[in-house]
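First the structure, in the form of structure tokens, and then the observations on it.
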Amino acid sequence: MADGNLSMPASTPIKTTCPYCGTGCGVEATPSGKLVRVAGDPQHPTNAGRLCVKGSALGDTVVPQGRLLHPQLRDKQSPGQPLQRLSWDAALDHAAGELRRIIDTHGPESVAWYVSGQLLTEDYYVANKLVKGFVGTANIDTNSRLCMSSAVAGHKRAFGEDIVPVAYEDLDRCDLVVLVGSNTAWCHPILFQRMLRAREARPQMKIVVLDPRKTASTEMADLHLGLRAGSDVRLFNGLLAHLHRLGLTDAAFVERSTLGLDETLAAADRDASLADIAADCGLEVEALERFYALFAATERVITCFSMGVNQSSAGTDKVNSIINCHLLTGRIGKPGAGPFSLTGQPNAMGGREVGGLANMLASHMDLEREEHRELVQRFWQSPAIASRTGLKAVDLFKAIESGEIKAVWIMATNPVVSLPDADQVRRALDQCELVIVSDVMAETDTTAYAHLLLPAQGWGEKDGTVTNSERCISRQRAFVPPLGEARPDWWMLSEVARRWGHAAQFPYRAVHEIFDEHARLSAFENEGARYFDIGGLAGLDAHAYDALAPLRWPVPRTAADARHLQAFADGRFYHADGLARFVPTPARAPANAVDADYPLVLNTGRVRDHWHTMTRTGLSATLSSHIPEPFVELNPADAEAAGIAHGSLARVSTRWGSLVGRAVVADEHARGSLFVPIHWNAQFASDARVGALVNPVVDPVSGEPEFKHTPAKVEAFVPAWHGFILSRKPLAIRHLAWWTRVTGASFTRYELAGDATSLPWPEFGRVLLGASADADWLEYIDGAGGLYRAAHVVDGRIEAVLFVAPRPDLPSRNWLASLFAAGQLDDEARIGLLAGEPLAAGPDEGATICSCFGVGQKRIVAAIESGQADSVVKLGELLKCGTNCGSCVPELKKILSKTQAGAKAASTAS
Ligand SMILES: Nc1nc2c(c(=O)[nH]1)N[C@H]1C(S)=C(S)[C@@H](COP(=O)(O)OP(=O)(O)OC[C@H]3O[C@@H](n4cnc5c(=O)[nH]c(N)nc54)[C@H](O)[C@@H]3O)O[C@H]1N2
Ligand SMILES: Nc1nc2c(c(=O)[nH]1)N[C@H]1C(S)=C(S)[C@@H](COP(=O)(O)OP(=O)(O)OC[C@H]3O[C@@H](n4cnc5c(=O)[nH]c(N)nc54)[C@H](O)[C@@H]3O)O[C@H]1N2
Ligand code: SF4
Ligand SMILES: [Mo]
């Protein structure tokens, strides 16, 4: 097929798995012409046909725009030169040759790999094997270090092995779900909807959320504890002591299956009063009591946790403080009960199975244990085996900067955006001798630093397996041919291995062969010592592998019984003595405290419709409409103190860096804190890469960074003018003081700010919009007021519009945007152009709430105010909002209660 051109005949749906969150939903993809239709897979056990808004918009991302199509080489001596295209053969020769030269000169510890939970299990297996067994270093770490490593470390400390003991169906039978540091409604939407349905079916079930911030998840909760950032350990230590005091210890279980309760209680400050704990956690005593009482009274409780727990300098202790409470009460290994680490990336769990982290070996074996090293080396027949722990992500990039590591191969991750102190990563890559990057996209903040760029197959092209949060292995299947010369990641790694003379150990011609080897290793001399065992899946041929239906591990050769599938049901854990450990977790404050210079806590996280560094969701107009710009959310009091108005621009600074985002001033946002999304980067905004601001402190056990807590300050960013452009063609605006780029349906939207006070507007406007002197051009200038508006029309159709004003309150972009979809402008539209609205302006939609049906906030408010809708269900009947994927239901509920409260207040006042 032609380069950069995607086209396939209409065909039957191919079953595959969503490449976004760790929920792991089944997808049916149907290529048809240049489009791909996606729908939920009704047969997939995870989602039974449902998809959230990101999953529903997957078709928008299977496009040629921006793809890396060929191997390319950058000349290190002349960095300004364009990249040179080269053949795969030459590219692999270069990679193998240069890595070999560096290893021969400086030893195996001088090279490193930095990989990702978005690799498929087969890619991940090969990467780990090549590095640990054939290079002989453990300098391979993964972005899971930034994500799941505290959970992994917590599981290993408590259980002896990294085992997640809860399944999704447990959520259907539990009576209490505690969400700790998890905005499940936005980050695991289909799982969250399952919780809501379970609660609907069994109203005795309660949902409690522990999060310093109000979120879409807290919106739907029965109880929200807005605890002080970083105080989780204190809260769970208090709970442990409380449960113990009430006599809720499962004495038989604790006696038979655990060690360490006494030391753990001693370290839990067991005599602290509820009032003291509440004060330390920044909570009302009544709220804390309510939570403790609910937890105490409910046998079937599942505590789900994610980044508010893991991404902390006490992340591993947070995990163990939660597990301690489940061990004490014996609420583990039983239906409907247990601690549940929600995985972030689609294959975070698969990466753990193959031992992708720098301190793990393959198949849940330990790098530190000699017998494990010997076993794995024998199985691989490898010349070497890494014998000491490799560098963890943050240290790895420090070692690159110091020159200790001279070559790095980055796969399926964008560290220039996603690591803490991200400017340090830039410095490190800038001076690294050899940077190899395999990615699906040509231009990312990280590919900009690559010497050798390798085009990887993306979702829909690649083939393999992923494992979700509940240990369910599910196939990702190809349904379109690869674009350009894109190849699977496992293939690139194997080709390098072959060039090093290891063809016999890297003989793979297809993914099922790798999966088979992975399955065999999991069973190799296992005899029940390791819970991770998928020996029953060894020997699948291409056909059987292709037909593999989703299933949960373990899958031992001898059929597992139900008790075995429910991890720990037999009271057996995976430390050598078979016992679980209580882990003492004395509470401590986050590593860096706020002070007079940096008085606010910077918290970072996700929004509903974007995925990480936006390389894929940023291509979708649907997904870009919900939250179009990078923002800084803060409390009205903090905003007022800094002279920041809602909708204006704000600069956030820390000791590590600064950024500028749109201020979102929200009553419900806690004082003393700021929230900034992680998604925007140099491809989408001039100055919004929050990683550059985050302190590079890590948890001492897991090495996971403290992404949720950096001391910061905020101030107004006051440019000379604000503006926006909508344009059919991409424009050169990067020289302006501040900009952000938003993908529209048939246009690009730029939000702008400039610092030049007196601009030659008419000429400057034409230059900005790239319009010639004789273009069909409409213009409005109010020199004294600092207003400028222009529209460029080509053949009667709108080509571009520009609006400029001294203040940020410019007309809505919605009506103007709609003109790009329309054909010829009619008279009314032409007259309205420079006003930004039609002459007889109807109600404007406002911000998009329901991305699936494009329903805006103002229309929803109008429907509520008119009395036509008094519930989320009625809103759905009237406007369709919330009736497809349901991801916006928490926001609908919030608008409903706010609008109704407003109406009530107005009626009592009058
Ligand atoms: N839409 C969307 N979904 C995603 C992703 C995405 O990029 N976009 N990414 C996926 C990935 S890789 C991951 S890891 C998951 C992450 O999923 P989540 O962990 O749910 O997401 P975050 O927004 O990072 O953080 C969760 C919450 O932790 C809270 N928090 C901050 N500090 C504390 C604290 O001290 N204690 C407690 N209890 N809470 C705190 C934050 O306020 C935030 O609301 O999402 C996955 N799903
Ligand atoms: N401040 C702050 N920073 C954070 C977090 C936070 O909460 N706050 N969260 C952290 C967490 S939990 C995570 S998981 C990370 C995520 O951070 P990253 O992993 O850096 O983010 P992605 O945008 O998912 O990067 C994936 C890259 O791989 C490419 N890609 C996609 N598919 C493939 C493939 O099949 N093969 C190859 N070779 N490339 C592919 C994409 O184009 C993209 O460039 O961010 C971390 N950083
Ligand atoms: S919840 Fe949404 S993003 Fe996550 S796997 Fe399912 S469809 Fe994909
Ligand atoms: Mo993650």
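Going by the structure shown, is GLY390 under 20 Å from ALA127 (Cβ atoms), outside the structural domain of SER312 (by TED's automatic domain parsing), surrounded by fewer than 24 Cβ atoms within 10 Å (Cβ to Cβ) and not acidic (Asp, Glu)?
yes
Quick grid of which residues meet (1) at pLDDT below 95; (2) among the hydrophobic types (A, V, I, L, M, F, W, C); (3) in the same structural domain as PHE853 (by TED's automatic domain parsing); (4) within 19 Å of GLY832 (Cβ to Cβ):
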residue	(1), (2), (3), (4)
ARG741	no, no, no, no
ALA745	yes, yes, no, no
THR748	no, no, no, no
ALA756	yes, yes, no, no
TRP761	yes, yes, no, no
PHE764	yes, yes, no, no
ALA771	yes, yes, no, no
GLY786	yes, no, no, no
ALA791	no, yes, no, yes
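Which residues, taken from the range 147-170, are assigned to a helix (DSSP H, G or I), open to solvent by less than 10 Å² (accessible area, probe 1.4 Å) and touching a helix residue (DSSP H, G or I) at 6+ places or on another chain (Cβ under 9 Å)?
SER149, SER150, ALA151, VAL152, GLY154, HIS155, ALA158, PHE159, TYR168
Number of residues in the range 244-277 that are open to solvent by less than 50 Å² (accessible area, probe 1.4 Å), part of a helix (DSSP H, G or I) and under 24 Å from ALA589 (Cα atoms) equals 6. Consider the range 174-185 and keep the residues that are open to solvent by 10 Å² or more (accessible area, probe 1.4 Å) and touching a helix residue (DSSP H, G or I) at 6+ places or on another chain (Cβ under 8 Å). The one that is nearest to PRO890 (Cα to Cα) is ASN183. Evaluated against (1) among the small types (Gly, Ala, Ser); (2) assigned to a loop (DSSP other than H, G, I, E, B); (3) closer than 15 Å to GLY464 by Cα; (4) out of contact with any strand residue (DSSP E or B) (no Cβ under 9 Å at 6 or more places or on another chain), ALA544 falls short on exactly one condition, (2).
Annotation note: Cβ proximity below 7 Å between a residue of the range 145-174 that is within 26 Å of LEU259 (Cβ to Cβ) and a residue that is among the basic types (Lys, Arg) and more than 16 Å from ligand 1 (Cβ to nearest atom) (sequence gap 6+ or interchain) occurs for ARG157/ARG581; ALA158/ARG581; GLU161/ARG530; ASP162/LYS156; VAL164/ARG471. For LEU179, state whether it is assigned to a helix (DSSP H, G or I), under 24 Å from VAL319 (Cβ atoms), touching a residue at least 40 places away in the same chain (Cβ under 8 Å) and within 16 Å of ligand 3 (Cβ to nearest atom). So LEU179 fails the test. In the set (1) more than 24 Å from the chain's Cα centre (by Cα); (2) within 16 Å of ligand 3 (Cβ to nearest atom), the condition left unmet by GLU161 is number (2).
Among the residues of the range 441-483, those that are over 15 Å from ILE14 (Cβ atoms), open to solvent by 10 Å² or more (accessible area, probe 1.4 Å) and either among the aliphatic types (A, V, I, L, M) or part of a strand (DSSP E or B) (or both) comprise MET441, ALA442, ALA448. Taking the listed residues VAL126, VAL131, the one that is assigned to a helix (DSSP H, G or I) and over 25 Å from the mean Cα position of the chain (by Cα) is VAL131, with no other qualifying.
The condition of being within 15 Å of ligand 1 (Cβ to nearest atom) and either open to solvent by less than 10 Å² (accessible area, probe 1.4 Å) or small (Gly, Ala, Ser) (or both) does not hold for ALA127.
Entry remark, the range 106-153: residues being more than 16 Å from ligand 4 (Cβ to nearest atom) and not hydrophobic (A, V, I, L, M, F, W, C) number 16 in total.
Within the range 884-898, the set of residues being open to solvent by 20 Å² or more (accessible area, probe 1.4 Å) and not acidic (Asp, Glu) comprises ASN884, VAL889, LYS893, LYS894, SER897, LYS898.
In a residue-by-residue description of the range 12-34, the property of being buried (at least 18 other Cβ atoms within 10 Å of the Cβ), within 16 Å of ligand 2 (Cβ to nearest atom) and among the basic types (Lys, Arg) applies to no position.
The values are calculated or read from the model by the stated rules, or taken from the named source; none is laboratory data. Remember, it's a predicted structure, so these values are computed and weren't measured experimentally. Counting neighbours? That spans all protein chains shown, and the Cβs are built from the backbone with ideal geometry, glycine included. Accessible surface is based on the protein model in full, side chains and every heavy atom, while ligands, DNA and RNA are left aside. Shrake-Rupley method; radii C 1.70, N 1.55, O 1.52, S 1.80 Å.
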